[in-house]
Structures are given as structure tokens and as C-alpha cells.
Amino acid sequence: MGLWTDLINPVEATGIARVEQYEIEQAKGGTLARFLPNVFVPSDHVKFYPSSTGLVDAASYRAFNDRPQIGKGQGAKASTIDLPAIARTEPLDEMTQKELARLSDDRVKKGIEASIRRNVQAISQRQEWARGRVIDSGALVVDADNFAINDVFGRSASLSATAGAGGWWNDNAVDRLTALSTWQDLYASLNNGVAPGRMVFGSRQAYNAFAAGNQFKTLVGSASRPPLASEVQAYAAGAGLPEYEIYDRSVSIDGVLTKVLDPKKVYLLPEPVAPDSEDGSQLGATYWGLTVSAQFESWGIEADEQPGIVCGVFKDEKVGSSVEVEADAIGEPVAANPNASMAIQVLS
């Protein structure tokens with residue numbers, strides 16, 4: 001099946017794909033790319049330096065005329081991960097082509113553009129799901145029929161915590177603020193004293209359980225009422241907890257609606273950054289690499305634009321003709337400092 005450029009070439013198709021990806025990650029509801037931002041690399045693998053703290057040692061004092069002390073760099077040992085392929089094709093079958101043949105080129109092109117966007121949405125959903133796995137468990141483990149990933153980044157086991165019997169937030173009498181302060185101290189102890197910059201509830205259900213605590217109820221006359229959201233935020237801030245948000249996003253995995261984060265958990269994370277921050281975050285980054293297809297001379301994509309999602313349209317002019325809109329990418333979220341995420345189950 002040959003590349004078909006009569007209506008749209010790979011450069012234009014890839015441009016549409018990149019815009020769609022950007023808009024998805026700027027949309028209301030947020031993206032975990034704010035904690036594992038997109039970084040584009042001209043390779044099919046990524047080398048990173050695992051860190052227990054993510055911090056650089058303070059510089060040493062120097063006597064005048066002495067040479068400066070040599071720094072230790074980012075880590076003693078580099079790790080390399082081969083970036084997995086993520087792709088999707090959307091065919092336009094013969095009957096659909098017959099219908100499109102009656103339309104103007106502009107209308108047909110719009111249909112192809114819609115297919116490009118759906119392909120990008122599918123790839124973005126897969127990558128967002130992967131970010132959720134890394135944040136939740138400190139690892140990305142996939143065991144599919146035709147593919148497997150087993151990248152364990154080395155997070156401390158103590159950062160996968162549970163409230164446990166007598167501490168579940170299903171009970172309104174449980175002291176939420178004291179428990180969170182204890183977990184925050186544990187997080188800081190494994191991050192060189194740096195406290196989390198953001199608290200993320202894995203669902204509206206988890207947040208509602210937090211806000212339902214008796215300690216937040218406000219006395220009005222001789223009766224009590226549930227607190228306002230602003231009052232809960234003020235109580236939490238007063239207890240020294242970081243700003244919080246609710247992340248309640250789901251994606252479709254093999255036709256099953258799947259929560260990206262565990263709805264029974266709350267997460268302690270570093271301060272969020274822009275989804276396209278080239279420096280990554282305190283936790284790590286989502287690396288998008290260079291596919292073979294992006295380098296095809298016939299696709300005409302400039303070298304600087306090759307890493308990331310790329311798209312092309314193909315046509316088979318044999319009997320039973322088909323047109324296929326394809327999107328190709330390689331990429332994976334990597335937790336270079338896995339201890340910068342903590343997952344706590346608070347609902348039984």
C-alpha cells in the first residue's frame with residue numbers, strides 16, 4: 001500500500017496530529033503530563049540517571065587560586081530504556097470511499113483529518129494510562145498478547161501505603177489531616193526533606209470521603225453543616241498540606257472504561273510543570289522518540305520535527321481498494337526520581 005499525498009501529505013498530517021495532542025493535554029480535566037511532561041528525543045531509547053532525591057549536592061567552598069571540586073553529576077549509574085511502539089490505523093473501506101467520492105476534495109480531506117485526530121486521541125489515551133501506572137506503582141508493567149513491558153523504576157516500598165483498618169476514610173471520624181501530615185513527612189524523608197508540591201485525589205469519590213471528615217464540619221448555631229470546598233482547602237492549607245486537585249479521568253482500554261488513577265487513592269506528587277516542559281519534572285518525563293517511519297525520505301518531515309507522533313495516509317488501488325490513515329509513535333513515561341510519587345489507599 002503506497003503513500004497517498006493527493007489531499008494531504010505526511011508533513012501536514014503530522015502537524016494536525018501535534019496540534020491535536022497539544023489540545024488534548026491543555027483541555028479541562030488536566031493531564032498527568034504536568035507531572036511527567038513530554039520530552040522529545042531523536043532516538044528509539046532514552047538514557048537517564050536514577051536519583052533517590054532528584055537534587056544536586058550543594059557546591060563546596062573554594063580557596064582562592066584552588067580548582068573547584070568536581071561534581072558527582074546526576075547519578076552514579078545510567079539506565080537505558082528502549083521506548084515501546086504505540087500506533088493506530090483507521091481504514092476507510094471501499095463503501096466509505098464510494099460515499100466520499102461524491103463529495104468535494106475539501107469534504108474528503110476533513111474526513112481524513114478527523115481520522116488523524118482519532119488516532120492521536122487513542123495514542124494519547126494509552127500514554128496517559130501509562131503515566132497513571134508509573135505514578136501509582138513506580139513501574140510500568142504490561143503483559144499483552146504480542147508485547148510486554150517490565151520497567152520497574154525502584155520506588156521505595158513505603159511509598160505505596162494504605163490507611164488500613166481503623167484509618168479508612170469510609171469512617172467520618174478518622175482524622176484525615178493528621179494521617180496526611182504523617183504521610184507527607186514520610187514523603188519528605190525520602191526526598192531530602194522536600195515536601196510534596198501537589199496532592200491529587202484519584203477520584204471525586206476519594207475527595208468526597210476526605211471532605212466528609214467530622215473535623216471539617218462547621219458549627220452554625222447549635223447545629224453543624226458540611227464544609228464548603230473553600231473551607232476544606234483552608235483547613236488543609238492550615239495543616240501544612242500542599243494544594244490539592246481532583247483527577248477523575250478514564251480511558252478506554254480494550255473496550256473497557258478504565259480509571260487512569262486508582263479511585264480509592266490519594267497521591268503526593270511534586271509541583272506540576274507545563275505539559276511540554278523540556279526539562280521534565282522532579283518525578284521524571286514522558287519521552288517521545290524517533291520512529292522509523294518519521295525518517296522516510298518520502299514523508300518529508302524535517303529532522304527537528306521527527307520525534308513524536310507522526311501520521312501518513314496510504315492508498316491501495318487494487319480491487320477492493322482501501323485508504324488507511326496511520327499514526328505512529330514510540331514513547332514511555334519514565335520516573336527518574338521514583339520516590340517523588342506516593343500512592344496511598346484511603347478507601348477500603
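Tabulated results
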quantity	calculated
Breaking point among (1) at pLDDT below 85; (2) under 23 Å from Pro307 (Cβ atoms); (3) not in a loop (DSSP other than H, G, I, E, B), for Glu90	(1)
Any hit, the stretch 161-171, residues being aromatic (Phe, Trp, Tyr), under 17 Å from Val266 (Cβ atoms) and at pLDDT below 95	no
In the stretch 148-165, residue nearest to Pro84 (Cα to Cα) [restricted to those that are in a helix (DSSP H, G or I) and over 20 Å from the mean Cα position of the chain (by Cα)]	Ala157
Strands (runs of 3 or more DSSP E) completely within the stretch 264-348 that count 2 or more residues being more than 28 Å from Gly193 (Cβ to Cβ) and in contact (Cβ under 8 Å) with a residue 24 or more places away in the chain	285-288, 310-316, 322-334
Every residue from the stretch 1-40 that is modelled with pLDDT under 95 and part of a loop (DSSP other than H, G, I, E, B)	Met1, Trp4, Thr5, Asp6, Leu7, Ile8, Ala27, Lys28, Gly29, Gly30, Thr31
Failed condition for Tyr235, given (1) at pLDDT 95 or above; (2) surrounded by 14 or more Cβ atoms within 10 Å (Cβ to Cβ)	(1)
Tabulated pairs, the stretch 139-157, first within 14 Å of Leu283 (Cβ to Cβ), second at pLDDT 90 or above and surrounded by fewer than 16 Cβ atoms within 10 Å (Cβ to Cβ), C-beta under 7 angstrom, 6+ apart or interchain	Ala139/Val152
Some residue of the stretch 179-201 being part of a helix (DSSP H, G or I), surrounded by fewer than 16 Cβ atoms within 10 Å (Cβ to Cβ) and not polar (S, T, N, Q)	yes
Residue that is modelled with pLDDT of 95 or more and over 16 Å from Gly15 (Cβ atoms), where the choices are Pro338, Pro307	Pro338
Check on Ala114, part of a strand (DSSP E or B), within 28 Å of Trp288 (Cα to Cα), of a type in the set (A, V, I, L, M) and at pLDDT 70 or above	no
Residue within the stretch 168-177 that is of a type outside the set (Ser, Thr, Tyr), under 21 Å from the mean Cα position of the chain (by Cα) and within 30 Å of Ala236 (Cβ to Cβ) present	no
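The values are calculated or read from the model by the stated rules, or taken from the named source; none is laboratory data. Because the structure is a prediction, the values reported are computed rather than measured. Cβ coordinates were reconstructed from backbone atoms using ideal geometry, including for glycine residues, and neighbour counts include every protein chain displayed.
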